[in-house]
Amino acid sequence: MRLHPIIILILAGSALVACDQATVPTIAGLGGGTGPIGGGGGTGGSNGSTTSITVLPNQTQLIVGGSVQLTTNAPLALQSQIQWTSLQPTVVAVSPSGLATAVAPGTAVVVARFAFDTTQTGSATITVVGTPVTTTPTTGNTGGTTGTGGAP
């Protein structure tokens, strides 16, 4: 059986369209999206919605020894997938739950990202000032008068 040259040309053209370099190949479950869940095409998760991480408060000031609980806009189901990192750990330390503690004066950026999608990040800038005020208890008499008055 011999195919007509026109049919061969049509088949070759459709094969070229199927291999267009402008399209991004999609592997089931991995998708071409850039959202936190991947897939679905576009720039979002599996349903195509855009999800970016917002850290709150996104800017704050602390004194050395002070703390602030950072939070994100991530859905409750994904909160356990947030990873926290301080880019200046000698200035601000951050716990796995997002508790930022001021260590030394300076400015630090704390970054939150999904464990499964490192392209989605959010950050907060924390300025640390001064040293903590410490009070030391005083002992003994701190002044005043002693009782010398009264009847003889």
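Read the figures in this text as sums done on the coordinates, not as results from a lab. Worth saying up front: this structure is predicted, and the values here are computed from it rather than measured. Neighbour counts are summed over all protein chains in view; Cβ atoms, including those assigned to glycine, are modelled from backbone coordinates with ideal geometry.
Rg and Dmax, both from the Cα atoms of the range 55-129 and both in Å, are 11.7, 36.
Listing Ile63, Ile82 from fewest to most neighbouring C-beta atoms within 10 Å gives Ile63, Ile82.
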